[in-house]
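S.K.: Sharing a structure below in structure tokens format, with a few things to ask.
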Amino acid sequence: MALVNFTNLDFDQIKVSIKDYLRSNSNFTDYDFEGSNLSTIIDVLAYNTYISSYNANMVSNEVFIDSATLRENVVALARNIGYVPRSRTAAHALVSFFVDTTGFSTKPITLTLKKGVVCTAASTFGTESYAFAIPSDITVPVDSNGFATFTDIQIFEGTYLTANFTVEADNPSPPKRYILNNEHIDTSTLRVEVRDTQASTSSKKYLLSDSLFEVTASSRVFFIQEIEDERYELIFGDGIFGEQLKALNYIETSYIKTNGENGNGISSFLFNGRLVDNNNNLVSTGISLLSTTQASEGGKEIESIDSIKSYAPRIYSTQNRAVTAADYEALIPKIYPETQSVSVFGGEELQPPQYGKVFITIKPFYGPFVPNSIKDNLKDKLRSYSVAGIVPEILDLKYLYVETDITAYYNANLAPSADFVKTLISNNITDYAQSSEMNKYGAKFKYSKFQTLIDNSHQSVTSNITTVAMRRDLKARLNQVAEYEVCFGNPFYIKNANSYNIKSSGFKIFGVSETVYISDSPNADMHKGSLFLFKLDSQTQPSIIRRNIGTVDYHKGEIMIDAINLVSTSKTLQGQPIIELSVCPRSNDVIGLQDLYLQLDINSSTLNMLTDDISSGSNPSGTLYKSTPSYMNGNIARIAPGDGIDIASLPTYSVLGDSTTSTPSY
């Protein structure tokens, strides 16, 4: 009997297969395999087969990028399709200082801040003390008053390091490898210069290139690739793609080794740099304290294995051209590494259509918006990838906030206190709000999952009633007549067939001294409605002061405000005057459509704890049970403290019925 093929890698199954094979041999007929020394030999054979099969399986897995688990193998497979993983990124900050040279014996013309360490964090974080450096010299003139001002100098967290190499021959065999023997390098700070020889006084600057396009035989470029232990190797041209190095050329490299995201959030610095004047004299006096324009931010860890597996095939599929929306979504993080999430859609999807355009919205890792200068730079770079006749347009980020009002019932016999359970629920909600399910384009707030998360927070939680609202923040243009369009991307629920389905924060308009609010009045068809302005008389009753100031489409989830002159608003966001507009969604599963970035706003959500008297046994008949409405109620406006309104005295409006034909959550 031939030894059968193994289809099971289980040790016991392998052992049984070996015994069956031996029993088929007449020399081992009626042999006791369990109580003999041969049992030990069979165990060794089974273990050897098991380990060999396991190793063969793991080796096979490491051959494919989808199943590989070791970083070195994933990076090598990505390298085969031209993908270089993102390096660790240094946190950067903006600082300013000046130097008073009026007391110098020799008046300098310029002052130069030398590359390398510039400052250190003013205090330690745990046991760590962080240094900040610059990768290149910065020179500023001395003004007529004797002051040299360094304004908004960008500094990078990390240690400034150098590495030098000498080219041994024109065409060495095997080719010499130029490896930077430090991990955690921020490749964006990498600087490379080449001298003819080590003794030469002049050098040529080489630039990092990530593709072969527009690279000629005389281009002074270099390429990088990640190798083992998260280090990097420099690759220079071969005389066809990029200028080839010659024998005795001397390569000088400098870079910053960084702590990544650990360097974020530092705002106080002490100067520790090196200043020289135009005569190369060291300057050590007259240096002011550092003022921080921007605290350190932007520090990130090296690209993860999962991210490499996701983006490498997508970048390869684009073939360095932007045709489909997926191409743009793959290329933008490559061009702009600060991208956290991106949404791309064609102009033909808009109403009315805008053919020949592709619209892009980017959520950066740090900050709510992409600066206009970076937008312009991105559009210029994207034109080199896009098809002729397609114009990329980068839109401002639009947030769609989800607000929740939660009433959680709990069994008091199973919990130490209501605050204890409330803290657990709050922590779970915070984790959900910060998860990848929410913070991206195309995200979906999953109502049933959210309720389950609350119920599973602690064994004492018996149930919860959660109501949902959507909010958009309208950026107000003060003291000018303007029209506004606010899209929610989700249908509205008409909770009141008469009026007051839309809530707004307060604002003032030209010609009216009181604070006013926006709300709506549905038409007879319950598909659309009109907007009106109202004020609150005597802090108790609303009074409509102007009708037909705009329209609302409940099915599309769109609010259109006609020309209006806003004077001030009750609320601001990062110094920008805003008007908060909130509505009740027709479905509790809220999605971020197209350019809407979905976020769960914890600060505007509420959580109340109520004892479940039935479950706890204090009122088993339920006669004293406190019920909570399952529909969004509350005040008719979003009142701010500065509005001077007694919220307790405001009228409230509850649900009267649903007029939609689709399946609502109510």
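The values are calculated or read from the model by the stated rules, or taken from the named source; none is laboratory data. What you see is a predicted model; the values in this text were computed from it and never measured. Cβ coordinates were reconstructed from backbone atoms using ideal geometry, including for glycine residues, and neighbour counts include every protein chain displayed. Quick note on the areas: whole protein, heavy atoms, side chains included, nothing else; ligands and nucleic acids left out. Shrake-Rupley method; radii C 1.70, N 1.55, O 1.52, S 1.80 Å.
S.K.: Which three lengths, in whole Å and largest first, does the stretch 85-210 cover when its Cα atoms are put on their principal axes?
M.R.: Over the stretch 85-210, Cα extents along the principal axes are 60, 42, 26 Å.
S.K.: Could you give log10 I(q)/I(0) at q = 0.05, 0.06, 0.10, 0.12 Å⁻¹ for the chain, computed by the Debye formula over C-alpha point scatterers of equal weight, without solvent?
M.R.: Debye intensities relative to I(0), on a log10 scale: -0.39, -0.55, -1.15, -1.32.
S.K.: What whole-number distance in Å separates the alpha-carbon centres of the stretch 197-237 and the stretch 80-103?
M.R.: About 20 Å separates the Cα centre of the stretch 197-237 from the one of the stretch 80-103.
S.K.: Something else about it: Rounded to the nearest angstrom and ordered from largest down, what semi-axes does the equivalent ellipsoid of the stretch 378-430 get from its C-alpha gyration tensor (root of 5λ)?
M.R.: They are 53, 11, 8 Å, listed from largest to smallest.
S.K.: Can you give me the long-range amide H partners of Leu607? Hydrogens built in the peptide plane at 1.01 Å from N, cutoff under 5 Å, separation of 5 or more residues or another chain.
M.R.: Ile406
S.K.: Looking at the chain only, what percent of DSSP beta bridges run antiparallel? Nearest 5 please.
M.R.: Bridges in the chain are about 85 percent antiparallel.
S.K.: How large is the convex hull of the Cα atoms of the stretch 448-580 per residue, expressed in Å³ as a whole number?
M.R.: Dividing the Cα hull volume of the stretch 448-580 by its residues yields 158 Å³.
S.K.: Also: At a threshold of 8 angstrom on Cα-Cα distance, excluding pairs fewer than six apart, so keeping six or more, what relative contact order does the stretch 434-589 reach in percent?
M.R.: It comes to 32 percent, rounded to a whole number.
S.K.: Another question, then. Return the subset of Lys446/Lys475; Lys115/Lys205; Lys363/Lys508; Lys309/Lys375 for which the Cα-Cα distance in this structure is over 24 Å, preserving the input order.
M.R.: Lys446/Lys475; Lys363/Lys508; Lys309/Lys375
S.K.: At a 10 angstrom cut-off on C-beta neighbours, averaged per residue, how do the peptides 544-551, 92-99, 309-316 rank from highest to lowest?
M.R.: Packing proxy ranking, top to bottom: 92-99, 309-316, 544-551.
S.K.: Over the alpha-carbon set of the stretch 335-492, divide Rg by the Kirkwood Rh and report the Rg/Rh ratio to two decimals.
M.R.: Looking at the stretch 335-492, the ratio lands at 1.10.
S.K.: Let me ask something else. From the residues Asn181, Val512, Ser615, which one has its Cα farthest along the dipole of the chain in the positive direction, the dipole being from +1 and -1 charges on Cβ of Lys/Arg and Asp/Glu about the Cα centre?
M.R.: Positive-end residue among those listed: Val512.
S.K.: A further question follows. Bin width 5 Å, alpha-carbon pairs only: give the P(r) of the stretch 50-118 as whole percents, running from 0 to the bin holding the largest distance.
M.R.: The distribution over the stretch 50-118 is 3, 11, 13, 11, 8, 6, 7, 6, 6, 6, 6, 6, 4, 3, 2, 1, 0, given as percents.
S.K.: Using +1 at the C-beta of Lys and Arg and -1 at the C-beta of Asp and Glu, which of Phe98, Pro364, Ala443 has the Cα lying farthest in the positive direction of the dipole of the chain?
M.R.: The listed residue farthest towards the positive side: Phe98.
S.K.: Further, regarding this structure: Could you grab the relative contact order for the chain? Cα pairs under 8 Å, six or more apart, rounded to a whole percent.
M.R.: It comes to 11 percent, rounded to a whole number.
S.K.: For every helix of n ≥ 4 consecutive DSSP H residues, a contribution of -39,500 (n - 2.57) applies; sum these over the chain, divide by its total residues, and give [θ] at 222 nm rounded to the nearest 500 deg cm²/dmol.
M.R.: It lands at -5500 deg cm²/dmol.
S.K.: Ordered by packing density, taken as the mean number of other Cβ atoms within 10 Å over each peptide's residues, highest first, how do 325-332, 77-84 rank?
M.R.: 325-332, 77-84
S.K.: Still on this structure: With the crude spin-label approximation of a point 7 Å out along Cα→Cβ, what separation in nm comes out for Ser513 versus Asp196?
M.R.: Calculated label separation equals 8.3 nm.
S.K.: For the chain, which whole percent of the accessible surface, found with a 1.4 angstrom probe, sits on carbon and sulfur atoms?
M.R.: 49 percent
S.K.: A follow-up question, please. Roughly what percent of Cα-Cα pairs across the stretch 159-262 reach past 25 Å?
M.R.: Cα-Cα pairs in the stretch 159-262 separated by more than 25 Å: 19 percent.
S.K.: For the chain, what does the accessible surface come to per residue with a 1.4 Å probe? Please give it in Å².
M.R.: 50 Å²
S.K.: So, one more: Which order do peptides 424-434, 467-477 fall in by mean Cβ count within 10 Å, highest first?
M.R.: So the order, starting with the most tightly packed, is 467-477, 424-434.
S.K.: With θ taken as phi - 60° and the coefficients 6.51, -1.76 and 1.60, list the Karplus ³J(HN,Hα) couplings across the stretch 394-408 in order, rounded to whole Hz; mark glycine and proline as x.
M.R.: Karplus-based 3J(HN,Hα) across the stretch 394-408 equals 9, 9, 5, 5, 10, 8, 10, 9, 9, 10, 10, 10, 10, 10, 9 Hz.
S.K.: For the stretch 331-382, what's the radius of gyration and Dmax over Cα atoms, in angstrom?
M.R.: When restricted to Cα atoms, the stretch 331-382 yields Rg and Dmax of 11.9, 33 Å.
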